[in-house]
1. Which of the residues that make up the stretch 88-109 are over 18 Å from Tyr70 (Cα atoms) and not in a strand (DSSP E or B)?
2. Checking Ala260 against (1) under 27 Å from Gly151 (Cβ atoms); (2) touching a Ser or Thr at 6+ places or on another chain (Cβ under 7 Å), which test does it fail?
3. Looking at Ala130, Ala76, which is the one that is in the same structural domain as Ile55 (by TED's automatic domain parsing), in a strand (DSSP E or B) and free of Cβ contacts under 8 Å to residues at least 24 places away in the same chain?
4. So Pro220 ticks every box in (1) within 16 Å of the chain's Cα centre (by Cα); (2) buried (at least 18 other Cβ atoms within 10 Å of the Cβ); (3) under 30 Å from Asn138 (Cα atoms); (4) not aromatic (Phe, Trp, Tyr) but one. Which box is left unticked?
5. When the residues of the stretch 57-74 are narrowed to those that are out of contact with any Pro (no Cβ under 6 Å at 6 or more places or on another chain) and among the hydroxyl-bearing types (Ser, Thr, Tyr), which ends up farthest from Gln102 (Cα to Cα)?
6. Report whether or not Phe192 is of a type in the set (Phe, Trp, Tyr), out of contact with any helix residue (DSSP H, G or I) (no Cβ under 7 Å at 6 or more places or on another chain) and either under 30 Å from Thr127 (Cβ atoms) or at pLDDT 95 or above (or both).
7. Can you tell me which residue among Gly186, Gly225 is assigned to a loop (DSSP other than H, G, I, E, B) and on the phi < 0 side of the Ramachandran plot?
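The values are calculated or read from the model by the stated rules, or taken from the named source; none is laboratory data. From a predicted model like this one, the values you see are computed outputs, not experimental measurements. All Cβ positions, even for glycine, are placed from backbone atoms using ideal geometry, and neighbour counts span all protein chains on display.
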Amino acid sequence: MKRIQLSLCMVGLLTLLAAPAAAQYDNSPQKSLVLPECIWAAATGGGTWVTELQITAYSPGTTVEMIYQYGGGYRAVLSVWTSSASLHYQSVKFSNILSTLQSLDPTFTYYGTVGSLEIFSQDTSHTIQAQARTVNGNYGKTFQALAFVDGNAANVGRPMMIMNLAQNATYRTFVGFFNATLGSSGPMTVQFAVLNGDNSGLGSIFYKTFAPWEFMSFNPFVEAGVGSGPYDDCWLWINPTSSGNTAAGSCGLFCFGSSANNSTNDTSSHIAVHTWVP
């Protein structure tokens, strides 16, 4: 674990950093964040995927806790890191965050798993930002941790799409989802469709039901019934059809895509964006 501190010589800039602006946006620092994908597992083409994680604490004395949501449940780990009692904008970097959680929570085996990571501070006066780099040897991809806001998630009336998907001799593709619908004890049902560049469907439309706080990942081409083939210039339609809470501020389903080169294991992130309502 490597700690990083900002060393600034400009008095005016130091003053600015000590007093963060009050304006709030979807990507502003928050008390609670979601990292869509976090992994520590063997790679299909050889090597091991690990997720590096950097966290920046905007206020002194920020205590960071985490909840790891994987396919079979969740693990809560308290007091993962506490920032300096005197420094603003202090950062910490974990070379393999799931290995760190393993050392703090040895009764569970983190190796061989993939999931979403919730990252918390103690209160709204101690906000944070976080970004991850998932790597295998010399190759990697980055994901920004996202705030619990409607603009970052799909819900009924707020469909999303993941673009530039391929399934062919060069690339393999997976997508992942985390049902973080706030104020709900019910499941979310989602309609999925793989479409090509002509907006024609590949295979069949399929549905998945996500329990509250459930993480799930899969190959969308396989789920659509087309499997391997010369597929390129494709995208995934993500359309929640029912949800435990659809009100403004309910957040919803966090979505991401990931593709890897079949020969080199070089990997890419595919960021979900909102699209039209049918």
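1. If the condition is that a residue be over 18 Å from Tyr70 (Cα atoms) and not in a strand (DSSP E or B), then His88, Tyr89, Ser95 are the ones that fit.
2. Failing condition for Ala260: (1).
3. Matching residue, one of Ala130, Ala76: Ala76.
4. (1)
5. Ser59
6. Here the answer is no, as Phe192 does not meet what is asked.
7. Gly186
Yes/no per residue for (1) over 21 Å from Met66 (Cα atoms); (2) out of contact with any strand residue (DSSP E or B) (no Cβ under 8 Å at 6 or more places or on another chain); (3) free of Cβ contacts under 8 Å to residues at least 60 places away in the same chain:
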{"site": "Thr189", "(1), (2), (3)": "yes, no, yes"}
{"site": "Ala193", "(1), (2), (3)": "yes, no, yes"}
{"site": "Phe206", "(1), (2), (3)": "yes, no, yes"}
{"site": "Phe215", "(1), (2), (3)": "no, no, no"}
{"site": "Asp232", "(1), (2), (3)": "yes, no, no"}
{"site": "Asn262", "(1), (2), (3)": "yes, no, no"}
